[in-house]
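Asker: Got a structure for you, questions after.
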Amino acid sequence: MQYKDKVTTGSIEQQLSNAIKITNDYYAKEFIKLKMAYANFRANDIRLIDLNSKSCYYLTNH
């Protein structure tokens, strides 16, 4: 089987197993990236909520 510049040989079962492993590895990495992006969004949301709360407090008490 050939994909881009990589050629693999073996039985159909081995090639299919290898293709599934490569696909699983790719999506595992993508899910890790998504988790990190979500965590960053959550951290930014918390900071924004804190800033908004402080702003509202300042505006109502001055």
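All of the numbers you see were taken from the coordinates with simple rules; none came from a lab. Computed from a predicted model, the values in this text were never measured in an experiment. Every residue, glycine among them, receives a Cβ derived from its backbone with ideal geometry; neighbour counts consider all protein chains shown.
Asker: Return P(r) of the stretch 2-61 (all Cα-Cα pairs; 10 Å bins starting at 0; whole %; ordered from short to long distances).
Answerer: Pairs per bin, as whole percents: 18, 23, 17, 15, 12, 9, 6, 1.
Asker: Nearest 10 degrees is fine. How inclined is helix 12-61 to the longest principal axis of the chain, computing both from alpha carbons?
Answerer: So the helix axis and the longest Cα principal axis differ by about 0 degrees.
Asker: Hey, another quick one. Any idea which of TYR27, HIS62, GLN15 is furthest toward the positive side of the dipole for the chain, if Lys and Arg beta-carbons carry +1 and Asp and Glu beta-carbons -1?
Answerer: Of the candidates, HIS62 comes out farthest on the positive side.
Asker: Provide the gained length on full extension for the span LYS54 to THR9, in nm with one decimal, where the gain is 0.36 nm per separating residue minus the Cα-Cα distance.
Answerer: Going from the current span to full extension adds 9.9 nm.
Asker: Where does the chain land at 222 nm, in deg cm²/dmol rounded to the nearest 500, when only DSSP H runs of n ≥ 4 count, each adding -39500 (n - 2.57), divided by all residues?
Answerer: Counting only the DSSP helices, I get -30000 deg cm²/dmol.
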